[in-house]
Every structure is written in C-alpha cells, then in structure tokens.
Amino acid sequence: MTKSELIQRLAERNPHLYLRDVEKIVDTVFDEITGALANGDRVELRGFGAFSVKEREARTGRNPRTGETVQVEAKRLPFFKTGKALREALNNEKDDSQSSEDSFYSPFSTSD
Amino acid sequence: MDDTSRTITRADLAESVYEQVGLSRNESSDLVEQVLDEISNTLVSGENVKISSFGSFSVREKGERIGRNPKTGVEVPISPRKVLVFRASHVLKDRINEKQ
C-alpha cells in the first residue's frame, strides 16, 4: 500500500470528507512525526509503535573495498519499535491480557 | 537527546489535524486512529506499506531458532514469527540531520 492508496482507502471510509482534506490529514500525520523527530522528540503511538532518534557519534570508518580510512560524521538515525498490540496481531495472538501496555486502547480490530 | 525533548502522542497528532484541516477535535482524533488502523490492518494482511518521503514498513518472517534463557542457561526453541521492519526514507533521514 502506498500513500495514495492509503488516502483512497480513507476517502472510501469517509465519504463525507473532501479528498483534499483526506490528503491533508495523511500529510499532517507524517509531517508531524517527521517534525517531531527532527526536533529530537520521540513519537509514541500506543499499540502501533514508537519512533525515536538515535545519535551516532563520529567515527573513523574504513572503505571495505579499498581499505582506505574515511571520517564518518556524527549523525542521527530514526528508529521504530513495533507496539505490543501490532506485534501480537502480526502473529495472530489474542490480545486478552489485562496487564498489557496497550490495554487502554484497542487500536484496531484483529481480523481472525 | 537534550533537555527540551518531549514525547509526541496521538493527542498531538489529532491536535495538528484539528488545526490544519478544520474538522472537529473528535473527528480529528478519529481520523488519526483510522490512519494507524489502515496501516496496521494492511501489514497484518501481509502487505507492505510505503509512505513516500517518510519510509516503508515491511513484515519479515523469522524462522525458528534456538534461544537461551540468559538466567538459567536453558535452551528453548523460539517459534517462527513475523516482525515489522521500518526503513526510513532519505527525506526523513535528511530532515532529522538538518538541525544539528
């Protein structure tokens, strides 16, 4: 599924909305997550997963082909950890544990 | 990160949708949930999700392997399972490294 297919599916689910508004909703969601990560913030979507940024320090690397040493600059890398409910749904496990970290939300209907 | 870093949640995403699109707060938060729902359900059905200029989510199948209880040293089989892998797009990686 691509972003435009996602927009289409949401438009079908919400016939009362203009397509351009559905596009704006989807763009806003991903722009917000991107902006938060650019600020160094963490994005936690219970049941779905969490996006975070990891810092990598500058290091002296080596070109594995030529053996030449190269200076690798410090950088930040985005990172995603799958949420419990989604991980369980992927493996067809019933989400019936009361102590689950996701027990406040039922983020999506498990189809089984 | 630094002292000013915070955690963004569904409520923040819903607030942005509310401000940007002009739906009610209730409907904004419902739509954020629907976005996550559609992505989740697609992945559960076995289809990958690719969001241009953000990244892609794909499901990887891991075969059975032998694990070990680190406390007791007892070997236990780890059943085959599916794991979700997120690959950030270059646009996202570049945005994250802009403000240094």
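The values are calculated or read from the model by the stated rules, or taken from the named source; none is laboratory data. Quantities reported herein were computed from a predicted structural model and do not represent experimental measurements. Positions of Cβ are generated from backbone atoms using ideal geometry, with glycine treated the same way; all protein chains shown enter the neighbour counts. Keep in mind that these areas ignore ligands, DNA and RNA; they rest on the heavy atoms of the full protein, side chains included. Shrake-Rupley method; radii C 1.70, N 1.55, O 1.52, S 1.80 Å.
Some observations on this one:
- Between the stretch B:63-93 and the stretch A:1-50, the Cα center-to-center distance that results, in Å: 28
- The mean number of partner chain beta-carbon atoms within 10 angstrom of a residue's beta-carbon across peptide B:57-64 is 1.
- The tail of the calculated P(r) for the stretch B:1-47 beyond 16 Å holds 50 percent of all Cα-Cα pairs.
- Pairs of Cα atoms nearer than 8 Å and 6+ residues apart set the relative contact order; for the stretch B:48-100 it is 39 percent.
- Cα gyration tensor shape of the stretch B:48-100, rounded if a/c is under 1.5, else prolate or oblate by comparing a/b with b/c: oblate
- With the helix formula -39500 (n - 2.57) applied to DSSP H stretches of n ≥ 4, chain B reaches a computed 222 nm mean residue ellipticity of -13000 deg cm²/dmol.
- Accessible surface, the protein assembly as shown, averaged per residue in Å² (probe 1.4 Å): 61
- Cα-based Rg and Dmax for the stretch A:1-81, where Dmax is the largest Cα-Cα distance (Å): 19.1, 61
- Per-residue HN-Hα couplings for the stretch A:73-90 [Karplus 6.51, -1.76, 1.60; θ = phi - 60°; Hz; x = Gly/Pro]: 6, 5, 8, 10, 10, x, 9, 10, 10, 5, x, 4, 5, 5, 4, 5, 5, 4
- Projecting the Cα atoms of B:Ser53, B:Ser40, B:Val74 onto the dipole axis of chain B, where Lys and Arg carry +1 and Asp and Glu carry -1 at the beta carbon, places B:Val74 farthest toward the positive end.
- Protein heavy-atom accessible area occluded, B/A pair - total, 1.4 Å probe, Å²: 5000
- Sum of side-chain charges, A:Arg59 neighbourhood, beta-carbon under 13 Å (Lys, Arg +1; Asp, Glu -1): 0
- Above-threshold pairs, the threshold being 27 Å between Cα atoms, out of A:Lys75/B:Lys71; A:Lys24/A:Lys54; B:Lys71/B:Lys93; A:Lys54/B:Lys71; A:Lys54/B:Lys62: A:Lys75/B:Lys71; A:Lys24/A:Lys54; B:Lys71/B:Lys93; A:Lys54/B:Lys71
- Acute angle (nearest 10 degrees) that the helix B:25-44 long axis makes with the longest principal axis of chain B, alpha-carbon atoms: 30
- The protein assembly as shown shape via C-alpha gyration tensor axes, a/c threshold 1.5: oblate
- For residues of B:44-50, the mean tally of beta carbons on other chains within 10 Å: 4
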